[in-house]
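Presented below is the structure to which this report refers.
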Amino acid sequence: MKTLVYENYNKFISATDTIRKMKMNIESMESEMGHLNENIECISKQTRDINRHLEPHSRKIQDLTNAHNSLKRLQFIFELPTRLQHCLNRGKYSQAVKYYSRASPLLNHYKHMAAFKGINHDCMDIMNNVKDAIWHKMAESDLTIKRTAELTKLLLLLKEETSNLWKQYVNIQMTCLSRKNVSHSDPMTVEELLSDYIMPLEEIVHQFEALFLSGENGSSEDPKSDTVTASIRLSDEDREKAKDDLFTAIKPYTDKMLYSASKLIELPVQITTATSIEQRLQNMNKLKVAFRDKGQSLLRVIQPVQRKLHSLYARWEYELIKGSLDSVKKAVREHLCQFVTDLDMKDNGSEIEIDADRTADFIQDTQIWLAEYITKSCLLPLNMNLDITNAATAERLQSGLKNMWQDIGNSFGASSSSKYLSVLLLLESRLCYNLANNGIYRVYVAFSTQSSYDKNLVNSSSTHFAELSDTVLDPTIISDFNDVVDYYLNRGQFLLKKHLMLEAYMLTCRLQRDYIYPNRDSSSVQRSSDVWTYFTKRLRYTDRILGIFFPQQQHLQQSDSATDNVSMLDCNYSGGPYSTRHVPPSTHSVATMSSISETPGKTYFEVEDNVALNMMSSNIDKLFAERIDVYRSVEPTAKDVCTALIMMVLKAFLEVMRETQVDGVAYQQLQVDVEYVQRMIWPYAGDEKWASSLLQEVLSNAYTRCLSPVSLTQDKIAAILSNCLNLFNL
């Protein structure tokens with residue numbers, strides 16, 4: 001504390017001394033300012049006196065100065081032929097043109113006078129020799145591009161014909177450029193491309209522009225230099241012609257330049273990581289800097305080169321974006337195939353058992369993994385390496401992102417030889433719905449953020465945004481986002497229907513084999529056909545596997561049939577983020593007939609009671625059965641898929657029976673099969689009339705085709721079915 005007090009005390013004393021000195025200096029400053037004002041007034045008075053005494057002689061001095069300058073110009077004019085001849089002899093053509101350019105206005109003005117006429121004639125003869133010497137110099141083989149431009153300037157000042165001059169200039173420059181590149185191979189680096197092509201072409205075009213495409217007629221000179229500059233203004237027609245001649249001449253070199261540039265930035269066929277294209281990225285950045293700093297005149301004057309270069313940039317950006325985003329499709333395919341391969345699936349005949357918990361975790365993790373992969377491995381590197389502030393680049397990136405989503409969606413369902421094709425189709429369908437629900441939105445939010453778009457709240461009434469809160473997307477990408485979501489909803493539906501049709505096709509083949517080519521060893525009906533036992537197993541399997549991939553609230557339903565204790569799971573799907581518009585399966589059917597029972601425990605068709613009535617009923621039901629929408633859209637639920645599968649199989653059953661001729665035993669077998677089918681499908685079809693209508697049509701066709709139809713009694717059918725259910729533990 002003592003030290004602190006001591007130091008602050010010293011500073012206080014120092015500040016006091018400084019203030020005292022400032023006060024003393026200010027007092028002396030006032031007296032000094034007074035002396036300075038007196039001196040300035042004295043100087044001003046003396047200056048006025050001097051100007052007053054010299055004013056009578058100033059005009060005379062100015063006249064003498066003008067006369068002296070005129071004599072010097074006359075002396076220069078009289079000595080001009082000698083000066084020009086001296087420059088010609090020593091090869092100083094630029095100095096000769098400079099002298100003649102300074103004197104030619106005066107010679108032209110006084111050429112009517114004898115003295116000046118002779119001087120003008122001598123100068124013109126000498127300058128003609130100078131012009132010939134310049135043309136001879138331009139024909140030398142070791143002439144450089146820069147020297148050619150300098151000599152062309154001299155000829156331009158000497159009033160050489162402009163059209164001939166620019167053609168000669170271009171031809172000579174092309175010869176110089178050809179000699180410069182004759183010993184060089186294809187450029188291996190951007191630096192070589194710059195030195196071999198860009199800079200020489202830039203120099204040629206820059207000089208051509210300065211000489212023929214800009215400026216007014218005339219010349220200027222630098223008093224400290226022996227050189228002169230010149231430019232001439234051409235008409236618009238001549239300017240375009242001059243540009244065309246220049247472009248025609250340098251086109252082989254510009255084409256080679258652009259080709260070499262494209263090879264230096266050429267991207268690999270498959271882009272995996274940023275390191276694999278690091279050198280190309282560096283070359284692209286160097287190339288842009290090279291043309292920006294060293295090729296301004298070339299791009300400004302030769303518009304085709306500028307357009308081709310911009311096209312090269314655009315194509316490179318497109319290939320980079322496409323190549324980077326194409327890796328996503330491959331990664332997704334490998335990700336899904338690896339899961340299917342590693343999944344502990346037990347092949348139990350025609351059924352495959354799947355770990356439901358592991359499958360659910362994989363589906364949930366996959367959409368998160370995919371969003372992160374696209375964002376971190378694709379969008380982020382692209383944003384770092386591309387100028388996304390450029391509108392065209394941003395548009396290409398946005399378009400590439402949309403195409404990537406479509407390519408991924410198109411790859412779903414493309415496999416046709418996988419052992420687990422059915423499982424893969426359901427997995428891809430569920431993934432499509434999940435992506436449409438949330439995954440795609442995540443990617444577009446990341447894209448919007450990384451691209452530094454202006455954020456605006458999206459209208460809550462916009463498509464696909466009803467379930468999203470605090471939604472922030474750039475308005476320019478909302479249309480793409482909605483298109484992609486719509487596409488994935490449709491794609492998920494397509495894959496689900498493809499799985500459904502695969503199952504239906506397999507069952508239809510069994511139907512055709514068992515009914516068109518029956519293998520019957522007994523003369524009486526013992527049990528239901530094997531195809532329907534197989535159908536029941538596949539129906540249960542479909543219900544179970546759909547419950548795994550599209551888990552919803554499961555409800556256990558018991559059949560009310562006294563002879564059937566079958567238990568089935570009913571998946572009630574009440575809508576959701578990936579719900580499509582539900583189309584009831586009975587939309588295109590329903591013919592309510594009094595002869596059709598609404599309970600599964602009764603035979604719904606008894607021929608022996610009233611054949612005529614049943615025939616009429618069959619014909620009416622046939623009209624409606626023809627209109628059943630077999631390939632309708634289905635909800636992603638177990639119940640709706642199973643119902644659609646039943647519809648397809650029953651429709652195929654009907655078509656098969658229309659092509660089959662039956663006997664009495666076959667007709668009785670058909671009665672048992674129809675009753676069996678009705679009991680098995682009851683937990684799914686319920687009291688829907690389309691199922692009864694189709695099955696009624698099957699029996700109706702069989703009855704009309706059978707020569708001696710004898711129907712089994714209902715008790716007999718019930719006894720046979722009871723044995724079947726006990727036999728197969730159903």
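Numbers for the structure displayed
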| quantity | calculated |
| --- | --- |
| GLN553 being out of contact with any Phe, Trp or Tyr (no Cβ under 6 Å at 6 or more places or on another chain) and at pLDDT below 80 | yes |
| Residue that is in a helix (DSSP H, G or I), polar (S, T, N, Q) and either outside the structural domain of ASP543 (by TED's automatic domain parsing) or surrounded by fewer than 23 Cβ atoms within 10 Å (Cβ to Cβ) (or both), where the choices are SER399, SER415 | SER399 |
| Selection status of ALA96, surrounded by 12 or more Cβ atoms within 10 Å (Cβ to Cβ) and at negative phi | yes |
| Test: residue in segment 324-335 that is hydroxyl-bearing (Ser, Thr, Tyr), assigned by TED's automatic domain parsing to the domain that holds GLU192 and surrounded by 13 or more Cβ atoms within 10 Å (Cβ to Cβ) | no |
| Close pairs from segment 130-143: first in contact (Cβ under 8 Å) with a residue 40 or more places away in the chain, partner surrounded by 15 or more Cβ atoms within 10 Å (Cβ to Cβ) and not in a helix (DSSP H, G or I), Cβ under 6 Å, at least 6 apart | none |
| Cβ-Cβ under 7 Å pairs, at least 6 apart or on other chains, segment 77-95 side charged (D, E, K, R), far side assigned to a helix (DSSP H, G or I) and surrounded by fewer than 19 Cβ atoms within 10 Å (Cβ to Cβ) | none |
| Residues located in segment 694-709, provided they are in a loop (DSSP other than H, G, I, E, B) and farther than 16 Å from ASP673 by Cβ | LEU707, SER708 |
| Residue in segment 253-260 that is in contact with a Pro (Cβ under 7 Å, 6 or more places away or on another chain) and either farther than 30 Å from ASN164 by Cβ or modelled with pLDDT of 90 or more (or both) present | yes |
| Elements of type helices (runs of 4 or more DSSP H) in segment 108-218, at least 2 residues being modelled with pLDDT of 80 or more and under 53 Å from the mean Cα position of the chain (by Cα) | 145-157, 162-181, 190-193, 199-208 |
| Check on SER163, out of contact with any strand residue (DSSP E or B) (no Cβ under 9 Å at 6 or more places or on another chain), without any contact (Cβ under 8 Å) to a residue 24 or more places away in the chain and either under 26 Å from GLU203 (Cα atoms) or among the hydroxyl-bearing types (Ser, Thr, Tyr) (or both) | no |
| Options PHE481, PHE535: the member that is touching a strand residue (DSSP E or B) at 6+ places or on another chain (Cβ under 8 Å), buried (at least 22 other Cβ atoms within 10 Å of the Cβ) and either touching a residue at least 24 places away in the same chain (Cβ under 8 Å) or acidic (Asp, Glu) (or both) | PHE481 |
| Segment 671-693 - residue that is farther than 17 Å from THR536 by Cβ and in a helix (DSSP H, G or I) and, of those, farthest from the chain's Cα centre (by Cα) | GLN671 |
| Matching residues in segment 148-164 - criterion: being surrounded by 15 or more Cβ atoms within 10 Å (Cβ to Cβ) and not hydroxyl-bearing (Ser, Thr, Tyr) | ALA149, GLU150, LEU151, LYS153, LEU154, LEU155, LEU156, LEU157, LEU158, GLU160 |
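The values are calculated or read from the model by the stated rules, or taken from the named source; none is laboratory data. Owing to the predicted nature of the structure, the values given are computational and were not obtained by experimental measurement. Here Cβ is always computed from backbone atoms with ideal geometry, including for glycine, and neighbour counts include all displayed protein chains.
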